[in-house]
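S.K.: Next up is a structure, given as structure tokens.
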Amino acid sequence: PKELNFFVEELNWDLGMDWYEGRFDGRFKVRGESSPHYTNLPRYDGVAARIRDNLPDARLLYMVRDPISRILSHWRHATGAGYETRSMEEVLTRDDQTYVTRSMYWMQLQPYLAHFPPEQIAGRPVDDNESKRILRESDDEAERREAWEASKTIGPVVADDVRELARL
């Protein structure tokens, strides 16, 4: 599922683990989600600890894109949705640097490195041009969906068999 934001205390944490587990189809060996707010420091803190406390065997996949492209895309999305009214210039010259801090990937990854062993965390760079090409040209729905999701950040992936993760 996309953007459950369950492990963010300020958003959906109070819905409980039963709610979270109910979002997944248990017939599949690999289950996962994508929630960009899981790497939204300093706004949302404690996410990595909540994931570890509830899914200690989760494998984490951190998908990153070119930081400048990510900032621009984030700003365009926010202005298009109407919750950002500042110009890009104003956004980048203010103390409120949420657009920049979200692209500080090493900083965003620190809580996960503190709570999970490195073998449970994988990073994957995403090529924006490749994603756009796939979205434009591919007839394969699964491939298009993967390209669309490719700009997302971190989320827990649970597998009954670790070998299943090798195919991700």
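The values are calculated or read from the model by the stated rules, or taken from the named source; none is laboratory data. Everything numeric in this text was worked out from a predicted model, so none of it was measured. When the accessible area is computed, the model is the full protein with side chains, heavy atoms only, and any ligands, DNA or RNA have been set aside. Shrake-Rupley method; radii C 1.70, N 1.55, O 1.52, S 1.80 Å.
S.K.: May I ask you to compute the full-extension gain from ASN54 to ALA78, defined as 0.36 nm times their residue separation minus their alpha-carbon distance, rounded to one decimal in nm?
M.R.: Length difference between fully extended and current span is 5.5 nm.
S.K.: Quick check: at a probe of 1.4 Å, how many percent of the accessible area of the stretch 1-93 sits on carbon and sulfur atoms?
M.R.: 50 percent
S.K.: Report the gain in length on full extension from ARG86 to TRP106: 0.36 nm times residue separation, minus Cα-Cα distance, nm rounded to one decimal.
M.R.: 4.5 nm
S.K.: Can you tell me the length gained on complete extension of the stretch GLU119 to ASP14, counting 0.36 nm per residue apart and subtracting the Cα distance?
M.R.: Full-extension gain reported as 34.8 nm.
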